[in-house]
Each structure stands twice: as structure tokens, then as C-alpha cells.
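Working notes, beginning with the structure itself.
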Amino acid sequence: MDRALALAEAAERQGEVPVGAVLVRQGQIVAEGYNRPIQSCDPTAHAEIEALRAAGRLLHNYRFPETTLYVTLEPCVMCMGAIVHARVKRLVYGASDPKRGSAGSILALHRAEFLNHRVDVSGGVLAEECGRLLKAFFERRR
């Protein structure tokens, strides 16, 4: 999660919402990403999607079983759907998102019966640090 926080800070320096993501397999970082929708003019360029795209290019696959994705903010519906479809085994996130969080806050997409894969979810890891970064970013923008 420390690396995901560093990536979130990189996103913030570029004027993006500070969210970072790191995909890990067998204790090694496979891929990483941070929010880039403004810079890339791509509404799907969330940190999680960027990390999954990078992993796909590196591993020449679109499925990532036996991986853990660390993210500084609870994923939205789009990202949670991509995580499920990528067959990520475990999701660990920092700050909860009470307005859009789809890993338990407003929706538990990782447990949806209509999907054929379940993701183990743990939230609240370094939540204070992750939340502080987001809160400070939005306070400066107001």
C-alpha cells in the first residue's frame, strides 16, 4: 500500500485525483497505475484500470489469478467490474468511498451472485493516510 500511496501522490502532482494501484503476484509487483483520466482524456483511466492494462501487456493475458490489487481508494463500479473480470483474487483498499464505493460501501459487486468470480476484499489498510491525501486534494481545489 505504501507504493500505491506514492503513485497517488504522483497523480496529484499531475493534477489528477490522487489514487494509486499496485498489482502483486507472489510478493512481487507485476504492474501499477495511477489516475490519469484528465491527462489522457480517457474517462476509464482510473488507477485500477491502468494497473490492469499494464499487467495485461506484460503478462500477455487478461486474467490475473493469484494476484492482489492494492488501491488507495475503494473502487468504483467500473473498476470493480474490471477487477472481477480480470479474476484478481484479492483486493486491498485504503479509504472507503461512501458515495461510489463498490467493494462494500454502496455496492458489493465483488459478491454479486450474477458474476462467476468472487474477489476477497479487505478495506481500511492505511485508510487514514489515503483519506488524508484525498481530503487535502479536494480542499485545495475548492
How big is the accessible area of residue 41 in square angstrom, nearest 10, if you roll a 1.4 angstrom probe over the protein chains?
120
Label residue 3 and residue 117 with points 7 Å out from Cα along Cα→Cβ: what is the distance between them in nm?
2.0
Just by accessible area at a 1.4 angstrom probe, what is the order of 42, 97 from largest to smallest?
42, 97
Averaged per residue, the 1.4 Å probe accessible area of segment 1-54, protein heavy atoms only, in Å², is roughly 46
Place a point 7 Å from Cα of residue 142 in the direction of its Cβ. Which residues in segment 79-122 have their backbone N less than 16 Å from it?
98-99
Give, rounded to the nearest 20 debye, the magnitude of the charge dipole that the chain has about its Cα centre when Lys and Arg contribute +1 at Cβ and Asp and Glu contribute -1 at Cβ.
200
Give, rounded to the nearest 20 debye, the magnitude of the charge dipole that segment 43-99 has about its Cα centre when Lys and Arg contribute +1 at Cβ and Asp and Glu contribute -1 at Cβ.
200
Estimated FRET transfer efficiency when R0 is 25 angstrom, pair residue 13-residue 100 (beta carbons, to 0.05)
0.60
Name the residue farthest towards the positive end of the dipole of segment 53-142 from the options 123, 58, 108, assuming +1 on Cβ of Lys and Arg, -1 on Cβ of Asp and Glu, about the Cα centre.
58
Under Karplus coefficients 6.51, -1.76 and 1.60, residue-wise ³J(HN,Hα) of segment 101-114 in Hz, glycine/proline x
x, 10, 10, x, 5, 10, 8, 10, 4, 5, 10, 4, 5, 7
Accessible heavy-atom area order of 99, 89, highest first, probe of 1.4 Å:
99, 89
Between the Cα axis of helix 2-13 and the main Cα principal axis of the chain, the angle (0 to 90°, nearest 10) is 50
Sequence of 49, 38 when ordered by accessible area, the most exposed leading, probe 1.4 angstrom:
38, 49
Quick check: residue separation of residue 54 and residue 87 times 0.36 nm, minus the Cα distance between them. What number comes out in nm?
10.4 nm
What spacing in nm lies between the two simple spin-label points modelled at residue 78 and residue 61, each 7 Å away from Cα in the Cβ direction?
2.6
Rounded to the nearest 5, what % of DSSP beta bridges with both residues in segment 4-142 are antiparallel?
55
Reduced Cα scattering model of segment 43-115, Debye log10 I(q)/I(0), q = 0.13, 0.15, 0.16 Å⁻¹:
-0.34, -0.45, -0.51
[x] 0.94; [y] 1.05; [z] 0.97, with the label sought being that of the calculated Rg/Rh (Cα atoms, Kirkwood Rh):
[x]
In whole percent, the fraction of accessible protein surface over segment 1-135 that belongs to carbon or sulfur atoms, probe radius 1.4 Å, stands at 51
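The values are calculated or read from the model by the stated rules, or taken from the named source; none is laboratory data. Please read these numbers as outputs of a predicted model, since none were measured by experiment. Positions of Cβ are generated from backbone atoms using ideal geometry, with glycine treated the same way; all protein chains shown enter the neighbour counts. Please note that ligands, DNA and RNA were not included when accessible areas were found on the heavy atoms of the full protein model with its side chains. Shrake-Rupley method; radii C 1.70, N 1.55, O 1.52, S 1.80 Å.
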